[in-house]
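To keep things clear, I will list the structure first and then write my remarks on it.
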Ligand code: GUN
């Protein structure tokens, strides 16, 4: 029987743990965890994501501040806001929603966030800690951290002897995901759009993680029987069967057919998505504990 992972349920249990960590931090140290989320411009999808992050932060008992800036904000104005937040001791986590409008040098902005407040795990210091196997003192990018919760549920903490394939090599997901799998002793292959014979590479995977950004590209004959399949894609496609002009969300995995071959599979929506927000809350709680000189509980 294939197990379909309920990401909303797993995320809800992470959120419960974050809420109690935030409450104990306030009780023990008098510190309310603070998250600042910055959004520039008016991309509707980005606003939906950021709204969900800000709402969840409040639900966790954090002091949550959202900075909504117009699309014509300059690099200098945004950099000045990051500097102010870096220096604000009530702010423990800073998130700049990506993508920024085209005129920005995004990397310069991300790298100007203090690594200890970089709850997205995108600063080179945090990426470097992950790459050198230091999972204790840095902050790990939220989506791969969330996907690893599913991997651990299916296979435990030790992936020795298992082949993991990550399709996608972005800094936001593919690279950190590969590092996390490697730290857990999996044998890791990173494949991407220029890899030769992607289906053959994927068929070798005991753990297949798809982050390609192409709707339902992973087919049943790409999946090794009994594999764990984690779908990180979020693609909006036309859904004429629901009526004219209607759309629906699908992942990078052709869910119906792959769920007949996999042992464990994550759906879209309701799989990795809710975990990303939950792990952002977890990172904020971790950052707040560290900045208060306390050890954070693990999430
Ligand atoms: N845009 C899409 N996903 C993310 C994310 O995880 N972090 C940020 N900052 N922007 C995003």
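The values are calculated or read from the model by the stated rules, or taken from the named source; none is laboratory data. The model shown is predicted, which means the values in this text are computed figures rather than measured ones. In this analysis, Cβ positions are derived from the backbone assuming ideal geometry, glycine residues included, and neighbour counts consider all displayed protein chains.
Tabulated data
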{"item": "Complete set of residues in region 25-42 that are in contact (Cβ under 8 Å) with a residue 24 or more places away in the chain and either within 14 Å of the ligand (Cβ to nearest atom) or surrounded by fewer than 18 Cβ atoms within 10 Å (Cβ to Cβ) (or both)", "result": "26, 28, 29, 32, 35, 36, 37, 38, 39, 40, 41, 42"}
{"item": "Lone unmet requirement of (1) away from the ligand (no atom under 15 Å from the Cβ); (2) in contact with a strand residue (DSSP E or B) (Cβ under 9 Å, 6 or more places away or on another chain); (3) within 22 Å of residue 54 (Cα to Cα) for residue 125", "result": "(3)"}
{"item": "Selection status of residue 106, within 11 Å of the ligand (Cβ to nearest atom) and without any contact (Cβ under 8 Å) to a residue 12 or more places away in the chain", "result": "yes"}
{"item": "Selection status of residue 138, out of contact with any strand residue (DSSP E or B) (no Cβ under 6 Å at 6 or more places or on another chain) and in contact (Cβ under 8 Å) with a residue 60 or more places away in the chain", "result": "no"}
{"item": "Helices (runs of 4 or more DSSP H) fully within region 60-166 counting 3 or more residues that are within 22 Å of residue 189 (Cα to Cα) and modelled with pLDDT of 95 or more", "result": "124-131, 142-155"}
{"item": "Residues within region 213-244 that are in contact (Cβ under 8 Å) with a residue 40 or more places away in the chain and in a strand (DSSP E or B), tallied", "result": "4"}
